Every structure is written in C-alpha cells, then in structure tokens.
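Here the structure comes first, spelled out in structure tokens, and everything after it is commentary.
Quick note: the coordinates plus some simple rules give every number you see, no bench work behind them. This structure is a prediction, so every number in the text was calculated from the model and none was measured. Every residue, glycine among them, receives a Cβ derived from its backbone with ideal geometry; neighbour counts consider all protein chains shown.
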Amino acid sequence: MTEKQKGPASIKSVNSQVTDAITQANTINLGLAPAQAIGTLYQTTAQSIGTSMQNSVSNQQHMYSLGLASLTQNLQSILSQTANLSSRRLESPAFYDQRTYGQYDFQQPVQSPNHMNKHMDN
C-alpha cells in the first residue's frame, strides 16, 4: 500500500512546527477573548451613556421651551388684565356706577349686597 492509499488514520506523527503554530493560534484566540469582551463592553457602555446624555440635553431644552411658553402665556394674561383696569380708569366718572360694575369698581369701596340691590332696583 502506498502513502496515498492509507489515508489520515494511518499518519503516526505530525511535524512539531505545525502543532506549535496551531497551539499558538489557539492561545492567541483564548488570550484575546477577555480583552475583546471588555473592549466591546466599554464601547457599548460609552455609546449608551452618550445617548442618555443626548436625551437629557434634549429633555432639558424641551422643558426650557415649555417654561418659556408658560411664562409668555402668564405675562400675556397679566398684561391683558392690567390693560383692562387701565382702560376703565381712563373713562368718565359715570363709568364707575355701582349698578353696572358692582364690586369690580376699584374707585369706590365695595358695598354690601343689600346696598347694591337698592341700586339695581332703580
């Protein structure tokens, strides 16, 4: 029987350089696995922290916008009430008649409800 006919089962020895090369490759793979795992962990952690920081900045900007809109709405409400009061004071004294505006008249003291009912009957 020739060498080709025997097949791989009949090989008794392997060159030591081949076994050393395979052993070194396996050792490198096993040695690098923890480092690669930690590197991957660090990368994913950094990416998730970066994303959470972007989200927090975005939420802070949205809250600032909501606060500014609320402030604007409140100031507009206050200014419109002040404008209404100012326009009433610029009118003639007859404008302040208790029969028309009751307790909202800021020039006259507030009268009791019985007193206002007497004026309403007139």
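On the basis of the beta-carbon distance and an R0 of 25 Å, N74 and Q54 show a calculated FRET efficiency of 0.25.
Computed 3J(HN,Hα) for the range 39-45, one whole-Hz value per residue from the Karplus formula 6.51 cos²θ - 1.76 cosθ + 1.60 where θ = phi - 60°, is x, 5, 4, 4, 5, 5, 5, glycine and proline marked x.
Backbone geometry of the range 66-76 corresponds, through the Karplus equation with coefficients 6.51, -1.76 and 1.60 at θ = phi - 60°, to 3J(HN,Hα) couplings of 5, x, 5, 5, 5, 4, 4, 5, 5, 5, 4 Hz, x marking Gly and Pro.
With the biggest extent put first, the Cα atoms of the range 31-86 measure 83, 6, 6 Å across the principal axes.
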